[in-house]
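Enquirer: Below you will find the structure I want to go over with you.
The values are calculated or read from the model by the stated rules, or taken from the named source; none is laboratory data. Quick caveat, the model's predicted, so the values are computed rather than measured. Neighbour counts are summed over all protein chains in view; Cβ atoms, including those assigned to glycine, are modelled from backbone coordinates with ideal geometry. These accessible areas exclude ligands, DNA and RNA; they are computed on the full protein's heavy atoms, side chains included. Shrake-Rupley method; radii C 1.70, N 1.55, O 1.52, S 1.80 Å.
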Amino acid sequence: MLLLLKSISFGFPISCRFPNPGVYLPYPSRRCRLSILSWAMGSIAGDAARRDDSINDTYHGVPVADPYCWLEHPESEDNKEFVASQAELAESVLTGCADRELCGCCNPRCNRAATAASVLSASPTLTLIAAPRRRSFSPAHVASDVCLAGLSATAGDLARIPAWSSLPSPSRRPPPLAALPYPLSLASPASPHRCLRQICPARAASDARLLRGLGAVPTAGSGVSAGLIEAWPVLTNGVAAAAIITGTDLTESPLRREQPSRRQILLQRCPSANPYAPTAAISERVYLPHPSCCRRLSILSRAMGSVAGDAARLSYPPTRRDDSVIDMYHGVPVTDPYRWLEDPESEDTKEFVASQVELAESVLAGCFDRENLRHEVTRLFDHPRHGAPFRRGDKYFYFHNSGLQAQSVLYVQDSLDGEAEVLLDPNALSKDGTVALSTYSVSKDGKYIAYGLSESGSDWVTIRVMNIADKQTLSDKLSWVKFSSISWTHDGKGFFYGRYPAPREVELDAGTETNINLNHEIYYHVVGSDQSEDILCWKDPEHPKYSFGASVTEDGKYIILGTYEGCDPVNKLYYCEICTLPQGIEGFKETKGMLPFVKLIDNFDAQYHVVANDGDEFTFLTNRNAPKNKLVRVDIKKPELWTDILPEHERDVLESADAVNGNQLLRSPVDGKTWTCNLTSAIPEMKIFREISVPGFDRTNFEVKQIFVNSKDGTKIPMFIMSKRDIELDGSHPTLLYGYGGFNISLTPSFSVSRVVLCKNMGFVVCVANIRGGGEYGEEWHKAGARAMKQNCFDDFIACAELLISAGYTSYRQLCIEGGSNGGLLIAACVNQRPDLFGCALAHVGVMDMLRFHKFTIGHAWTTDYGCSDNEEEFHWLIKYSPLHNVRRPWEQSFVNCCQYPAIMLLTADHDDRVVPLHSLKLLATLQYVLCTSIEDTPQVNPIIGRIDVKSGHGAGRPTKKMIDEVADRYSFMANMLDASWTE
């Protein structure tokens, strides 16, 4: 017997300055305008106007002077005289503004904007153009808009600029309000290619070069007086908000990294028919550089208080709160105002989900790199992928995906170099690819395959059986299977599987329910029989939360039963010798009794995984007294003596071990190669069997390194960093930090198309933190981030984020954090604890309600990692970091860099019956209420949205198109919030 071992080695461990005078703001009322004027220009209004200090109002015993109360009477002579004098004063100032006429507009409603631009202009190279909101952008329309702005252009002049939708990337994005040649008098004579854009000089340079190649923009010194102006629409909360018009001299340094200066500020309120839809018609007064981006507009909020926030703030749909719902936890009252969102079938929940989907789509529609990401990820994803072959009977089986197939296809062949035939194609089972093959097992003789299908990403599985010879599906259909393997007896008569009792609901969309999963059972199914005739082999009604797994040993002699009380790497282990059953397994069909298992390990002290057996002598992989795992051997008939055959390594974790008895070994390591090795040779020789190639990907353009970060308590945390080669550590790079930290799961290196695209096309630095709670250093590392020690996970992750900033990779405004499931909890908890540290957060299918998670589906199994609020001590662990219960307004806390939460996207799916959607929905409602809708003039302008997918689950079995669509949505949102720009 030859053992194949696998181990893991991880080593040892912008301030914005704006001009003070002439701050032009929205016009809420006449009296407020006069107050703003007084605030912006010091005591000028006071010096010029009469004061009546005798007028005092008393508010709850507090006297308040109102010396200009007389200005509240618009028809009084004093009021009219004050207005006339202020108008005369303003005109005397504006007369000396050289750019006033250039910015003028024949539309009287635009004069105020032109005046504001001329007053605030720091250079004659900067201006604004006016353009109505249009759904079409023909040359005639644009020419008309230009005329409105007082500029001269004809439809013929503009016709040579091609439609924006047909331009090659990077201009493949929603069309601008205007893109046109303009007179040289609007540009600096020395720099005719000064481009009016916000924040992103690299994108401006790319656009200018593109149009220059099309003949729309001349090169410097060509003698043609033309340049480029872009005015982009912004609409949030029914408001066309804040144009920060910037000038970047592209002829001097087209790709320079420093941000251009902010030259002009204009805030203008515009009504909208639909506050959630950025495509709604708005008024003509739009003077804006970019599509909607609340993150960029939050710069204004920090500089100008709540006024810019009014302009940039999303309008969130109203959500009902029920503050009467209060639970008592060990004497501590805890409100749960969104308890009603726990019912997925209620009309209120459906209405909430629909409104949040509409809100999210309105934000995503303004993310101009969404289609760029979708196109490039699709292009790189489109390459053939093979799984490693395996042998059953005299046939070989393997999975293959041609590139963009929704699901991989199972093939069968007579030999490794023989012709392959399709055995099972899940793509033929549904039009949208949402039926997935979740588990399978081929009988020892290669005659049958039993396979489990899941629909819409649910954990529920339906098992079917196929005759491999004629590829005909038999009538066998086993329902309500979950968390189960399939293990055939060697006679090929049937197989073991695990299932739960059928739900009471007759009409049930499996995967949308939240009922707790209890009373797991092991059955034996005989091929050709009905499920109602299956033989019950094991159950434990005294412990309804236990789960079980049954498998047949490689020699077919024993049935091994594993019992699990949660997700900890510990289990009980029983065995049953098949030959000792007088009438075989089928004999128990009549007796109604369970199989006579012998208890080898009857406690939850350690993990025992069968590697192989030679008769009664078994080899186990175990963590008993070995947190990094070891191999032991024992005679199960004489269990008193256990022998270590491969001791625990001092540093490396023994992840797996397999017995190889044949003469062929095939494996698929990280490098995308499948190798074959003839073990009968005296000197085994490795040969490449298959190799996966990704067109357009050159690994030499990237570098990956591992660093170690000192956590809060001094523990060294490993972190992988991927980026383009030889980047400059100047703090300018958008960065994505990913983490998980739980359930003994190790994050090991793997290939990701989406992360390659982020690095290659958007200049991202992508980091993976191997924080405590995972399995990278064995069970001790896991326990150091579980239960009472869970805060270590958050401290580790925060330390990694701080290191990325202090080392010069990025800044807090350009740092996004991401995680899923337990990692979604990680992201939400870190955002609550350090909202000042991140610019964006993506939390997938996270566990957000730490006080009630154990009440839904399989959540009770996670108490081994988290604890349970039913226990008083553990309740106090959980309440301290539970994301749902720790949302605080950062402007009421002591954060230096922050007055709001980062931009947040919570991702969930309607058929996620692992971490049910109610976790994300309740947190979404809480975030929007506490930070946004519960107070007026909230500083929270960064968007908080939820992406709620349909016909999807926790992630497994998701079709290729859905994966690509989600990547495009979440990463375009991230890029927009971090001001990351697209380059080819």
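Enquirer: State, as an integer percentage, the relative contact order of segment 392-535 based on alpha-carbon contacts under 8 Å between residues 6 or more apart.
Expert: 15
Enquirer: Is segment 411-490 rounded, prolate or oblate when judged by the Cα gyration tensor, a ≥ b ≥ c being the square roots of its eigenvalues, rounded requiring a/c under 1.5 and prolate requiring a/b larger than b/c?
Expert: The shape class here is oblate.
Enquirer: Let me ask something additional. Segment 839-867 to segment 731-777: how many Å between their Cα centroids?
Expert: Each part reduced to its Cα centre gives a spacing of 21 Å.
Enquirer: What percent does the relative contact order of segment 698-978 come to when contacts are Cα pairs within less than 8 Å and at least six residues apart?
Expert: 15
Enquirer: By how many nm would the segment from A788 to V704 lengthen if fully extended, with 0.36 nm per residue of separation less the alpha-carbon distance?
Expert: Working it through step by step, the gained length comes to 26.9 nm.
Enquirer: Go through segment 330-433 and name the GluC sites (Glu not before Pro) that are in a DSSP coil and have 13 or fewer other Cβ atoms within 10 Å of their Cβ.
Expert: E345, E419
Enquirer: Same structure again: Quickly rank 388-394, 945-951, 56-62 as a protection proxy: mean count of other C-beta atoms within 10 Å, highest first.
Expert: Ranking, from highest mean packing down: 945-951, 388-394, 56-62.
Enquirer: A further question on this structure: Hey, for a label at R391 modelled as a point 7 Å past Cα toward Cβ, could you say which residues of segment 456-472 have their backbone N under 20 Å away?
Expert: 468-469
Enquirer: Compute the distance in nm between two label points, each set 7 Å from the Cα along the Cα-to-Cβ direction, one at A502 and one at M594.
Expert: Each label point lies 7 Å from its Cα, and together they span 2.3 nm.
Enquirer: Listed highest first by mean packing, meaning other Cβ atoms within 10 Å per residue, what order do 530-538, 737-745, 909-917 come in?
Expert: Averaged packing, sorted descending, gives the order 909-917, 737-745, 530-538.
Enquirer: Please compute the length gained on full extension between N515 and E936, using 0.36 nm multiplied by the number of residues separating them and subtracting their Cα-Cα distance.
Expert: Once the chain is fully extended between N515 and E936, it gains 147.7 nm.
Enquirer: Considering only DSSP beta bridges where both residues belong to segment 698-978, give the percentage that are antiparallel (nearest 5).
Expert: 35
Enquirer: If I model a spin label at E691 and E533 as a point 7 Å from the Cα along the Cα→Cβ vector, what separation in nanometres do I get?
Expert: Label-label distance for E691 and E533, simple model: 5.4 nm.
Enquirer: Filter the trypsin sites (Lys or Arg not before Pro) in segment 493-554 down to the DSSP loop ones having no more than 15 other Cβ atoms within 10 Å, then list what survives.
Expert: R504
Enquirer: Which shape class, rounded, prolate or oblate, goes with segment 698-978 when its Cα gyration tensor gives a ≥ b ≥ c as root eigenvalues, a/c under 1.5 marks rounded, and past that a/b bigger than b/c marks prolate?
Expert: rounded
Enquirer: Please label the shape of segment 457-573 as rounded, prolate or oblate, based on the square roots a ≥ b ≥ c of the eigenvalues of the alpha-carbon gyration tensor (a/c under 1.5 means rounded; beyond that, a/b larger than b/c means prolate, else oblate).
Expert: Oblate, since a/c reaches 1.5 and b/c is not below a/b.
Enquirer: While we're looking at this one, here's another question. Before I look further, what does segment 698-978 give for accessible area per residue, probe 1.4 Å, in whole square angstrom?
Expert: Heavy-atom SASA per residue in segment 698-978 reads 30 Å².
Enquirer: Assuming R0 = 51 Å, can you tell me the calculated FRET efficiency for the pair Q893 and D658, based on Cβ-Cβ distance, to the nearest 0.05?
Expert: 0.45
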